[in-house]
Amino acid sequence: MEELGNRREPRVSWGARVDATGLRVADVLGLFSGYRELSPNDRNPETRTKSRAAFERLIEFAEGVGAHGVTIIPRMDWPGESHADALGRAGDEMA
């Protein structure tokens, strides 16, 4: 399996690769770096910005290969914070 990494290949390129196999993509799984480093509900706004950028690239890739879904780990609970607060911030970031 090849990683998308930081390359920016045209979506058509990835879509053509998938089409050439005769297969269809059902879902794309996004595992960003170490999860703690790019959690969508991180308390640090800079980290959330980086996470959002990675998520947007994942969506772009998924659209390019015709995926019907995208799966990510949406959040984690942080020490000293309620589950509801962590979940709420994750929801705000995914909106």
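The values are calculated or read from the model by the stated rules, or taken from the named source; none is laboratory data. Because the structure is predicted, anything quoted here is derived from the model rather than measured. Don't worry about glycine lacking a Cβ; one is built from the backbone with ideal geometry, like all the others, and counts go over all protein chains shown.
Miscellaneous remarks
- Counting the residues of the range 48-68 that are under 22 Å from Arg89 (Cα atoms) and either of a type in the set (A, V, I, L, M) or out of contact with any Lys or Arg (no Cβ under 9 Å at 6 or more places or on another chain) (or both) gives 10.
- Pick from the range 6-31, criterion of a type in the set (Lys, Arg) and over 21 Å from Ala54 (Cα atoms), ranking: modelled with the highest pLDDT: Arg24
- Every pair of residues 6+ apart whose Cβ atoms lie under 7 Å, when the first sits in the range 46-66 and is under 16 Å from Asp27 (Cβ atoms) while the second is among the basic types (Lys, Arg): Glu60/Arg11; Glu63/Arg11; Gly64/Arg11; Gly66/Arg24
- Of all the residues in the range 73-87, those that are within 26 Å of Asp27 (Cβ to Cβ) and either part of a helix (DSSP H, G or I) or among the β-branched types (Val, Ile, Thr) (or both) number 3.
- Residue satisfying condition, being surrounded by fewer than 14 Cβ atoms within 10 Å (Cβ to Cβ), part of a helix (DSSP H, G or I) and under 10 Å from the mean Cα position of the chain (by Cα), within set Glu56, Glu46: Glu56
- Residues that are over 10 Å from the mean Cα position of the chain (by Cα), of a type outside the set (D, E, K, R) and in a helix (DSSP H, G or I), drawn from the range 14-43: Trp14, Gly15, Ala16, Val18, Ala20, Thr21, Tyr35
- Filter result for Thr71 (β-branched (Val, Ile, Thr) and surrounded by 16 or more Cβ atoms within 10 Å (Cβ to Cβ)): no
- Residue list for the range 59-72, restricted to those being in a helix (DSSP H, G or I) and in contact with a Phe, Trp or Tyr (Cβ under 7 Å, 6 or more places away or on another chain): Phe61, Gly64
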